[in-house]
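Reviewing the structure listed below.
The values are calculated or read from the model by the stated rules, or taken from the named source; none is laboratory data. All values reported here derive from a predicted model rather than from experimental measurement. With ideal geometry, Cβ positions are generated from the backbone for all residues, glycine too; neighbour counts draw on all protein chains shown. The accessibility values were calculated without ligands, DNA or RNA, using every heavy atom of the protein model including side chains. Shrake-Rupley method; radii C 1.70, N 1.55, O 1.52, S 1.80 Å.
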Amino acid sequence: MTKSQQAEYDVCIVGSGAGGGMAAHRLALGGARVVVLEAGGWWDNTTSNSAMLRWPYQSSQRGSSTPDRPFGEFDACVGGWELPGEPFTRAEGTSFSWWRARMLGGRTNHWGRISLRFGPDDFKRKSIDGLGDDWPISYSDIAPYYDRVDDLVGIFGSAENLPNHPDGRFHPAPRPRCYELCVKQACDKMGIWCIPARLSVITKPLNGRAPCHYCGQCNRGCMTNSNFSSPNVLLLPAQRTNRLRIITNAMAREVTVNSQGLATGVSYINTATGRDEHVRARVVVLAASACESSRILLNSKSSQYPQGLANSSGVVGKYLTDTTGTDVAGFIPKLVDHVPHNCDGVGGGHIYMPWWIDNKKLDFPRGYHIEVWGGLGVPSYGFMGGIERYEPGGGYGAQLKNDYRRYYGSTIGFSGRGEQIPNADCYCELDPTVKDKYGIPVLRFHWKWTDHEINQVKHMQETFRALVSEMGGEVFSAMPTKERGYGIATGGSIIHELGTVRMGSDPKTSALNAWGQAWDCRNLFVADGGSFVSQADKNPTWTIMALAMRTSDKILELRKSGVI
């Protein structure tokens, strides 16, 4: 039996990550009484046992992964691709992985903080190359919100005036490290753009937050709040308005509706007690992540909405995309026996390479950017990938220690992150028989890369290998074969799922209008990556937050006018 809470909120938000945190912040500061439902537990970087200052030798596991922290025991984010009692299924022949965070702030607690604006072309790709669909908005519609996100959250970078890579309102960027200067030299010789990275890490004081002190442990939970995570930059400041309530351990089951088909709130499972509960609200915002939000909608069936809420078009769950990806690392002899030096900095690269080529010269559409890794990070479990990769292949005693010192920092790696074009074979739906431990039907995934993505990843591999060669290096692994997709990452493994509740200009082919508002239910909105019409050669978080802020402004406007 569902326990209904007496209070009625102006807005109920499901999810507390990039989209949910931004919506909560904007709506609470805008005067709305807001409740946020988070499936996981509480987290505050300053009080929740951040491992920012722990040394690997202080743990018997030396920083290796754990079941609830696959990226390492010191990683701030609790979650993973496999959660006990919360399965997902795959259709026959499908290879897809679905990452889910289970903590306040969600994925913003471990992401790389690469914060890139989509460019003007990214919103109108069909008009340019005939593939996919155009967005119902343009860059000019979202640009003011990118500016506001820059000012609120903080981002470092540099003004470059590159086509389709818009500049922002940047803090000063940190200087490149030694190994990054080697990469920059190779890029210049090969005609590849290589510029300062754009990360949501502040390098000067902002809104009471201290600038980065360059400990390089951003993924562990920043105790000084110098980088972005939703709890400490958005949610906790919004709580100080006394208009925001956060309910943790609340697994959303469905959006409830009244006889007029309007949303009345959200039913959820209290995961601490196992009880069904319900929170009432005049407006519901789903920001649980693209796939989770589509799951909630598909499970929100009623006589008015037999296909699920906001799904008269049948597109909920469809047009699922993820970022393409592959990696190459190499041994760079000129970095052997380096002069010991300070290689600290932010927890990520100080440089990156935006897409630099005209696609008319290539056998695939769209593009990718390149992320760089290497340097003198704190040695921990898996350090250097194993000393056996280096001459003489291991050893003992003083020789082994000296080899570690010689080869420390002599590896440079590249990761490509590119655009997938939505296709009819990539989608999620409710599994007809499988339920999770709370009795909620789970998602079943269908996935298929096309030649567009396979050829793009081949180009990544060739480019990265050429960069290693240009630096006088030697790649550790052989070129993956076509049969292996040239090393393309498994769908979902880059953790950039988008689509599934897309916006559009036609209610017959989209679930949402240009404001993230459901065509079928005027007081229901989506403020996560589900609303995206397409990917881009940029990471999506900055666009998720800009869209969430834009949607929140619309909600405040519609509330003031009495429409919702």
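Within the range 250-276, count every residue that is part of a loop (DSSP other than H, G, I, E, B), of a type in the set (A, V, I, L, M) and under 14 Å from residue 37 (Cβ atoms). Explain how you work it out, then say what you get.
Of the range 250-276, the ones part of a loop (DSSP other than H, G, I, E, B) are 258-262, 271-274.
With of a type in the set (A, V, I, L, M) added as a condition, the list becomes 262, 272.
Subset that is under 14 Å from residue 37 (Cβ atoms): 272.
Going through the range 250-276 one residue at a time, the tally reaches 1.
Could you check the range 127-138 and list, in sequence order, the residues that are free of Cβ contacts under 8 Å to residues at least 40 places away in the same chain and either closer than 20 Å to residue 501 by Cα or part of a loop (DSSP other than H, G, I, E, B) (or both)?
Here is the first cut: in the range 127-138, the residues free of Cβ contacts under 8 Å to residues at least 40 places away in the same chain are 127-128, 130, 138.
Within the range 127-138, 130, 138 meet the criteria.
Consider residue 142 carefully, then state whether it is more than 30 Å from residue 349 (Cα to Cα), surrounded by 15 or more Cβ atoms within 10 Å (Cβ to Cβ) and of a type in the set (A, V, I, L, M). Break it down stepwise before answering.
Details: more than 30 Å from residue 349 (Cα to Cα): no; surrounded by 15 or more Cβ atoms within 10 Å (Cβ to Cβ): yes; of a type in the set (A, V, I, L, M): yes.
No.
Could you look through the range 258-286, keep only residues that are open to solvent by 10 Å² or more (accessible area, probe 1.4 Å) and small (Gly, Ala, Ser), and pick out the one that is farthest from residue 19 (Cα to Cα)? Don't jump to the end; show me each part of the working.
First, pick out the residues of the range 258-286 that are open to solvent by 10 Å² or more (accessible area, probe 1.4 Å): 258-260, 262, 264, 267, 270-278, 280, 282.
Still in the list and also small (Gly, Ala, Ser): 259, 267, 272, 274.
Numbers: 259: 29, 267: 20, 272: 25, 274: 27 Å.
Across the range 258-286, the extreme among qualifying residues is 259.
Just to verify a result, which residue in the range 502-527, among those that are under 21 Å from residue 301 (Cα atoms) and charged (D, E, K, R), is surrounded by the most Cβ atoms within 10 Å (Cβ to Cβ)?
Checked the range 502-527; the qualifying residue surrounded by the most Cβ atoms within 10 Å (Cβ to Cβ) is 502.
Against the condition crowded, with 21+ Cβ neighbours inside 10 Å and touching a Lys or Arg at 6+ places or on another chain (Cβ under 8 Å), how does residue 308 come out, does it pass? Before you say what the answer is, go through the steps one by one.
Values: crowded, with 21+ Cβ neighbours inside 10 Å: yes; touching a Lys or Arg at 6+ places or on another chain (Cβ under 8 Å): yes.
Yes; evaluated as a whole, the condition is true for this residue.
Looking only at the range 487-531, count how many residues are closer than 19 Å to residue 325 by Cα and in a loop (DSSP other than H, G, I, E, B).
So the answer is 10.
From the list 121, 129, pick out the single residue that is surrounded by fewer than 24 Cβ atoms within 10 Å (Cβ to Cβ), at pLDDT 95 or above, closer than 29 Å to residue 201 by Cβ and touching a helix residue (DSSP H, G or I) at 6+ places or on another chain (Cβ under 8 Å).
Residue meeting the stated conditions: 121.
Search the range 377-403 for residues being in contact (Cβ under 8 Å) with a residue 24 or more places away in the chain and among the hydroxyl-bearing types (Ser, Thr, Tyr), and hand back the single one that is most open to solvent (accessible area, probe 1.4 Å). Talk me through it step by step, then tell me what you get.
Within the range 377-403, the first condition is being in contact (Cβ under 8 Å) with a residue 24 or more places away in the chain, and the residues that meet it are 377-382, 384-385, 389-390.
Narrowing further to those that are among the hydroxyl-bearing types (Ser, Thr, Tyr): 380-381, 390.
On the way: 380: 48, 381: 159, 390: 8 Å².
Of everything passing the filter in the range 377-403, 381 is most open to solvent (accessible area, probe 1.4 Å).
Just to verify a result, which residue in the range 66-76, among those that are assigned to a loop (DSSP other than H, G, I, E, B) and without any contact (Cβ under 8 Å) to a residue 40 or more places away in the chain, is most open to solvent (accessible area, probe 1.4 Å)?
That would be 67.
Of the numbered conditions (1) in contact (Cβ under 8 Å) with a residue 40 or more places away in the chain; (2) of a type in the set (S, T, N, Q); (3) open to solvent by 40 Å² or more (accessible area, probe 1.4 Å), residue 561 satisfies every one except a single condition; which is it?
(1)
Out of 48, 60, which single residue is open to solvent by less than 60 Å² (accessible area, probe 1.4 Å) and either assigned by TED's automatic domain parsing to the domain that holds residue 233 or farther than 19 Å from residue 544 by Cα (or both)?
Details: 60 fails: open to solvent by less than 60 Å² (accessible area, probe 1.4 Å).
None of the other options fit; the residue is 48.
Look through the range 149-192, keep the residues that are farther than 18 Å from residue 348 by Cβ, of a type in the set (A, V, I, L, M, F, W, C) and in a loop (DSSP other than H, G, I, E, B), and return whichever of them is most open to solvent (accessible area, probe 1.4 Å).
159
Can you work out which of the residues in the range 447-474 that are more than 30 Å from residue 374 (Cα to Cα) and assigned to a loop (DSSP other than H, G, I, E, B) is least open to solvent (accessible area, probe 1.4 Å)? Spell out the reasoning first.
Taking the range 447-474 and keeping what is more than 30 Å from residue 374 (Cα to Cα), we get 447-448, 450-451.
Next, only the ones that are assigned to a loop (DSSP other than H, G, I, E, B) stay: 447-448, 450.
Numbers: 447: 21, 448: 115, 450: 40 Å².
The qualifying residue least open to solvent (accessible area, probe 1.4 Å) is 447.
Just the residues that are open to solvent by 40 Å² or more (accessible area, probe 1.4 Å) and either in a helix (DSSP H, G or I) or in contact (Cβ under 8 Å) with a residue 12 or more places away in the chain (or both), please, taken from the range 197-214.
Matches in the range 197-214: 204, 207, 210, 211, 213, 214.
Please determine, by comparing only the residues of the range 404-414 that are among the hydroxyl-bearing types (Ser, Thr, Tyr) and not in a helix (DSSP H, G or I), which one is most open to solvent (accessible area, probe 1.4 Å). Spell out the reasoning first.
Quick first cut of the range 404-414, residues among the hydroxyl-bearing types (Ser, Thr, Tyr) only: 404, 407-408, 410-411.
In the following step, the residues that additionally are not in a helix (DSSP H, G or I) were identified as 408, 410-411.
Working: 408: 56, 410: 0, 411: 25 Å².
Per the criteria, the residue is 408.
Quick one: which of 250, 310 is farther than 30 Å from residue 116 by Cβ, in the same structural domain as residue 545 (by TED's automatic domain parsing) and not basic (Lys, Arg)? Step through it out loud before you land on a result.
Numbers: 310 fails: farther than 30 Å from residue 116 by Cβ.
Residue meeting the stated conditions: 250.
Here is a list: 444, 417. Which entry is part of a strand (DSSP E or B), closer than 24 Å to residue 370 by Cα and either assigned by TED's automatic domain parsing to the domain that holds residue 132 or open to solvent by 30 Å² or more (accessible area, probe 1.4 Å) (or both)? It would help to see each step written out before you state the result.
On the way: 444 fails: closer than 24 Å to residue 370 by Cα.
One residue alone meets the criteria, 417.
Condition check: in contact (Cβ under 8 Å) with a residue 12 or more places away in the chain, more than 24 Å from residue 533 (Cα to Cα) and within 23 Å of the chain's Cα centre (by Cα). Does residue 418 satisfy that?
no
Looking only at the range 232-257, which residues are closer than 30 Å to residue 435 by Cα, of a type outside the set (A, V, I, L, M) and within 22 Å of the chain's Cα centre (by Cα)?
Step one: filter the range 232-257 for residues closer than 30 Å to residue 435 by Cα, giving 245-257.
Now narrow it down to the ones that are of a type outside the set (A, V, I, L, M): 245, 248-249, 253-254, 256.
248, 249, listed by residue number.
Do you know which of the residues in the range 215-257 that are among the basic types (Lys, Arg) and modelled with pLDDT of 95 or more is surrounded by the most Cβ atoms within 10 Å (Cβ to Cβ)?
Start the filter on the range 215-257 by keeping residues that are among the basic types (Lys, Arg), which leaves 220, 240, 243, 245, 253.
Next cut, modelled with pLDDT of 95 or more only: 240, 243, 245, 253.
On the way: 240: 10, 243: 20, 245: 17, 253: 22.
Among those residues, the one meeting the criterion is 253.
Hey, residue 95 hits all of (1) crowded, with 17+ Cβ neighbours inside 10 Å; (2) in contact with a strand residue (DSSP E or B) (Cβ under 8 Å, 6 or more places away or on another chain) but one; which does it fall short on?
Among (1) crowded, with 17+ Cβ neighbours inside 10 Å; (2) in contact with a strand residue (DSSP E or B) (Cβ under 8 Å, 6 or more places away or on another chain), the lone unmet condition for residue 95 is (1).
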